[in-house]
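**Student:** Here's a structure for you.
Any read-out appearing in this document is the output of simple, stated calculations on the displayed coordinates, not a laboratory observation. Keep in mind that what you see is a predicted model, and the values were worked out from it rather than measured. Ideal geometry is used to build each Cβ from the backbone, glycine not excepted, and the neighbour counts take in all protein chains shown.
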Amino acid sequence: MSCRSEHIWIELITGSRKTSNFFWACILFLGSVGFLLVGTSSYLGRNLISLFPYQQISFFPQGLVMAFYGSAGLFISSYLWCTISWNVGSGYDRFDRKEGIVCIFRWGFPGKNRRIFLQFLMKDIQSIRIEVKEGISARQVLYMEIRGRGDIPLTRTDDNLTPLEIEQKAAELAYFLRVPIEIF
């Protein structure tokens, strides 16, 4: 989502609060609880889940392995839920032609450096660069090349933009910033 006027362009960046992350966090949580319950029921010798009678699964090695996978899945699921609640990766890109300043803000993981804020002058922008990688894991990423700072990614690698969409976005941004486009 973006807001544009004649002098200011603000691009809002979606973080971890995506539908796919909610889906996978729920699936992982439910699956790991199931594995943990099956492993625990084989250890206790009681049916905690009626679908899997404890007599069919001996604790060593199947029940132990299922309990291990259930515990590991709960840790991974809690990590996903934490990144969703903290909304890691969200933020905005603000391009202000009137002031001649570009601000890039992202939320990170909690701690001393949770707020990631970059600010630089528009005259330091050398170009807008599109990086295209083809093959099995094809992706297109939009970068802004800054003098003295290198490349700053403007799109996420998992945005799944089509080549036409990424080219259009790059062309609009390059026109707004009055810089050239490079394609790699």
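**Student:** What is the Cα radius of gyration of region 1-110 over 2.2 N^0.38 Å, N being its residue count?
**Tutor:** With N residues counted in region 1-110, Rg over 2.2 N^0.38 Å equals 1.73.
**Student:** Scan the chain and report its longest stretch carrying no GluC sites (Glu not before Pro) that are both in a DSSP loop and have at most 14 other Cβ atoms within 10 Å.
**Tutor:** 7-98
**Student:** So what's the back-of-envelope 222 nm ellipticity for the chain, counting only DSSP H runs of four-plus at -39500 (n - 2.57) apiece and dividing by all residues, rounded to 500?
**Tutor:** -12000 deg cm²/dmol
**Student:** Go through [x] 1, 7, 12, 13, 13, 11, 9, 7, 6, 6, 5, 4, 3, 2, 0; [y] 1, 8, 14, 15, 14, 12, 11, 9, 7, 5, 3, 1, 0; [z] 1, 7, 15, 19, 20, 15, 8, 4, 3, 3, 2, 1, 1, 0, 0 and flag the label whose value is the computed P(r) over Cα pairs in 5 Å bins from 0, in percent for this structure.
**Tutor:** [x]
**Student:** Can you count the Lys pairs in the chain with C-alpha separation below 30 Å, eight or more apart or on different chains?
**Tutor:** 8
**Student:** Still on this model: Could you pull out every whole DSSP H run in the chain that spans at least 30 Å of Cα extent along its own axis and averages 0.0 or higher on the Kyte-Doolittle scale?
**Tutor:** 19-44, 64-86
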